[in-house]
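A.B. asks: Take this structure, written in structure tokens, and hold onto it; I'll ask about it next.
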Amino acid sequence: MPTEEYQKIWEKIKYQLQLTMDEDVYNEHFLGISTVFKVINNSIYLISPNSFVKSKIESFYLNRLNAMLNEYVGEKHLFKIITKEQAAEELTKLSNYEINTPEQGLDNKYKTGLNNSYTFDNFVVGSSNRLAYTSAMKVADQPGVVANPLYIFGDVGLGKTHLMQCVGNYILENDVNKKVLYVKTDQFIEDYARAAQKKTFDEFSKKYENVDILLVDDIQFLSGKTQSQLEFFKIFEKLKENNKQIVITSDRPASELYEIMSRLTSRFEWGLSVDINRPNLEHRILILKKKLQAETADPDLIPEDILDYIASIFDNNVRELEGALKRVLFYCTAFDYKFTIANAEEALKNLVNSKNISNKTIEKSNFNNVLDIVSSYYNISTTDLLSKKRKRQYVYPRQVSMYILKDLFDLTYKKIGQIFNNRDHSTVIYSIEQISNDMQTDKAKKGDIDKLLIKCGKKA
Ligand code: ADP
Ligand code: MG
């Protein structure tokens, strides 16, 4: 049966659903599903607008849909749900495949290896990745000109692959005829091994030397692979000579690469090296908000304090942070639970050991303690400390206590503002900056504040 026939069946089923379901439920789950993407081996693939709708349908409605389907076609047929992104990805793969068949040649398009959901747009910038981001932007804007190679390094899960792929996607968006090739280092090594085995070096060099942009991910895996290193060296020289852009990522600076020949590592330092660090709390919350936007139609679906909570626990890897968000999202929607801290804790309990949580969950008594210590040190009352009075004798201790709260507990500016009679977060940022400046320029003040920090519980 041709796909159009299945399309018609889906439309009939959809109409039945509309008649029998609560309107809100129907609109939320099925209204947005209009297309039968493909039919393979009796599996009928429907495209859902996002992974949130996909998982809800899979948990609650799939059996019912399949039962309805069986009334039109034999029992073997099943619906499968995929997201828009998955469908788009498959289409790119498919078109690459077609284009790369011998009859059509490699003329116009090129198998890129890119995932087009990694864009500059959805990369959240903060102090930990700003330099890497702006460098990548400049390189994408003028490939081969600004920095060649661009070498991006940092720990796992901090966005290196994402950022590198942004460069490729951006370049292609502006010029579809550019040949961009993204390759994981493992893949490169495998390609080379295959070429060596089958004596197909021509094909191998053509694949790698015939590009405008070469993106090589996780170069540390070249470690110990001498032959692949030599081969990569040749490719590097050739591309560089022709001003073709090279972008490399790694888990460490080039100077610390292990068992990679120095003529390569020194070349990695020819262009620009930028690192990506761990995002701070504010930055992690922004990342969560961005990811939430991508997952659901309603960006306010999860209240801010839950996002704060997730961000405060998952502090060293964006991939895990993202995973935690998806888990909470799924847990609460699948069971129709409210988004509360308790439910979030429950959803995440397998991911975090309890020690971790209790260390990081900020007890109210902890910051009250800070407020007590600071106010008695400066001989004022806690009420005055928290008040909006503008006299210098209150303002300065207030700024100091904000600084200490940030330093000790990494609370958000917003949260600190709330503690101090709902002050605006910009006031908090300003206050903390004032004290940071003092700490750098005024030894006496620095001595005072260091002492206070220790009194409040900071480890010396
Ligand atoms: P790495 O290559 O450094 O191990 P990835 O690029 O694979 O890390 O990132 C892991 C996940 O975290 C990806 O889903 C990526 O989209 C996400 N991510 C990392 N940093 C950011 C950021 N600044 N903004 C948005 N998403 C990010
Ligand atoms: Mg990576």
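A.B. asks: Would you check which residues across segment 417-438 are free of Cβ contacts under 8 Å to residues at least 12 places away in the same chain and surrounded by 16 or more Cβ atoms within 10 Å (Cβ to Cβ) and list them?
C.D. replies: Selection gives 417, 427, 438.
A.B. asks: Additional query: Which condition does residue 404 not pass, out of (1) in contact with a Cys (Cβ under 8 Å, 6 or more places away or on another chain); (2) surrounded by fewer than 19 Cβ atoms within 10 Å (Cβ to Cβ); (3) closer than 15 Å to residue 378 by Cα, if it passes all the others?
C.D. replies: (2)
A.B. asks: Within segment 214-221, does at least one residue satisfy the condition of being away from ligand 1 (no atom under 16 Å from the Cβ), touching a residue at least 40 places away in the same chain (Cβ under 8 Å) and open to solvent by less than 80 Å² (accessible area, probe 1.4 Å)? Outline the logic, then answer.
C.D. replies: Within segment 214-221, the subset away from ligand 1 (no atom under 16 Å from the Cβ) is 214.
Add one more test, that the residue is touching a residue at least 40 places away in the same chain (Cβ under 8 Å), and what stays is none.
The answer is no, given that none of the residues of segment 214-221 is away from ligand 1 (no atom under 16 Å from the Cβ), touching a residue at least 40 places away in the same chain (Cβ under 8 Å) and open to solvent by less than 80 Å² (accessible area, probe 1.4 Å).
A.B. asks: For segment 264-288, name all the residues that are assigned to a helix (DSSP H, G or I), modelled with pLDDT of 95 or more and of a type outside the set (S, T, N, Q).
C.D. replies: Start the filter on segment 264-288 by keeping residues that are assigned to a helix (DSSP H, G or I), which leaves 264-268, 281-288.
Narrowing further to those that are modelled with pLDDT of 95 or more: 264-268, 283-288.
The answer is 264, 267, 268, 283, 284, 285, 286, 287, 288.
A.B. asks: What are the pairs, 6+ residues apart or on separate chains, where a residue within segment 251-265 that is within 18 Å of residue 236 (Cα to Cα) has its Cβ under 8 Å from a residue that is among the acidic types (Asp, Glu) and assigned to a loop (DSSP other than H, G, I, E, B)?
C.D. replies: Listed by first residue and then by second, the contacts come to 254/269; 255/269.
A.B. asks: Let me ask something additional. Among the residues of segment 380-416, how many are more than 14 Å from residue 448 (Cα to Cα) and either assigned to a helix (DSSP H, G or I) or in contact with a Pro (Cβ under 9 Å, 6 or more places away or on another chain) (or both)?
C.D. replies: 21
A.B. asks: Hey, can you tell me all the residues within segment 222-241 that are in contact (Cβ under 8 Å) with a residue 40 or more places away in the chain and either farther than 18 Å from residue 187 by Cβ or open to solvent by 60 Å² or more (accessible area, probe 1.4 Å) (or both)?
C.D. replies: 240
A.B. asks: Further, regarding this structure: Given the options 139, 156, 176, 167, name the one that is in contact (Cβ under 8 Å) with a residue 24 or more places away in the chain, more than 22 Å from residue 288 (Cα to Cα), among the aliphatic types (A, V, I, L, M) and open to solvent by 50 Å² or more (accessible area, probe 1.4 Å).
C.D. replies: Only one candidate qualifies: 176.
The values are calculated or read from the model by the stated rules, or taken from the named source; none is laboratory data. Bear in mind the structure is a predicted one, so any value in this text is a computation, not a measurement. Counting neighbours? That spans all protein chains shown, and the Cβs are built from the backbone with ideal geometry, glycine included. The area values use the complete protein model at the heavy-atom level, side chains included, leaving out ligands, DNA and RNA. Shrake-Rupley method; radii C 1.70, N 1.55, O 1.52, S 1.80 Å.
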